[in-house]
1. Within a Cβ distance under 14 Å of GLN112, other residues only, what is the Lys/Arg minus Asp/Glu net charge?
2. May I ask for the net charge around GLY83, where only other residues with Cβ less than 15 Å from the Cβ of GLY83 are counted and Lys, Arg are +1 while Asp, Glu are -1?
3. Which one, ARG199, ARG169, ARG136, has the greatest fluctuation when you compute a Gaussian network model over the chain with C-alpha springs under 10 angstrom?
4. At 222 nm, what value in deg cm²/dmol follows for the chain if DSSP H runs of at least 4 each add -39500 (n - 2.57) and the sum is divided by all its residues, to the nearest 500?
5. Could you grab the relative contact order for region 48-160? Cα pairs under 8 Å, six or more apart, rounded to a whole percent.
6. Counting other beta carbons within 10 Å of each residue's own, what order do TRP101, TRP27 fall into, fewest first?
7. Express in whole angstrom the spacing between the alpha-carbon centres of region 119-150 and region 232-248.
8. Give the value in nm², to one decimal: projected area of the alpha carbon convex hull of region 60-123, averaged over all directions.
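Just so it is clear, none of the values below were taken in a lab; they were calculated from the coordinates. No experiment lies behind these values; they were computed from the predicted model shown. As a convention, Cβ positions derive from the backbone with ideal geometry for all residues, glycine included, and neighbour counts pool all protein chains shown.
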Amino acid sequence: MPLTSDRLNQIGNDYFNRGRYTDAFDWYQRALECDRKTGDQRALLATLGNLGNICAVSGRADQATSFYQEVLELQKRLGDERGIGITLVNLGNLRADAGEWNRARAYYLEGQDILERLGDEAALAVLHSDLGLVGRETGDIEEAMRQYERALALMQRLGHHAGVADVYRMIGKTHVVRQRLEEGAACALSSLEISRRLRDELRTAGALYLLACIREEQGYVAEAIELFEQVVALDRKYQLPKLQENVKRLSILRERRARESGREEQG
């Protein structure tokens, strides 16, 4: 008996969650073939969304855009307002990934109008963080902070602890841009505490990395080394993309500490 679209998507989702993106894409494609044959518009909508998501995370921006545009047209025909808002945000994310900040903002603001009308606070919390990133990257630091503060308030009210950790990290990065290093460190520590409480090692790695960079810039070499050692351990465990860069950075810091120790002994 042939597998249904729903089952094909479930298998694809399982591969997606395990980071096996090629396999996930193949199963979503099988679901798409099924949906084209049956003409089930709701099933087609789910499958196209999954294909857009898998292409987005695997760096195939043009394909992701094509799938999301088809999703958007279908959502408009079906009158799926919330879906339209989310898809506009997804299209904005693709433009942000490409560094096209003004186009990203346009998509985000269009999505925001819909999501605010619907009162979708969970989606808005993430969207405000996205808008904060646009503000930071375009040099509008005050706008970035306003958006991050709105995101943080919503995440806290919703009890979205992982989101709170993420926003604290983003606020910390923004403080670093302003050269407010201690405020940045305080945010990094807040993110680190939450991430550890959640036992979320990937978020822990992100918070440790930010804090390590701040301590290095402040000249606290020993503390920076200790933090980068933890970062590198997590990089190795999860094969994160900055592993070699962070190994090199750690080596340079150790050499710096050795030189400074030598000068102290000579003095």
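1. After counting each charged neighbour, the total is -3.
2. -2
3. Most flexible of the set in this elastic network: ARG199.
4. Theoretical 222 nm ellipticity from helices: -29000 deg cm²/dmol.
5. 17
6. TRP101, TRP27
7. Their Cα centres are 29 Å away from one another.
8. 4.1
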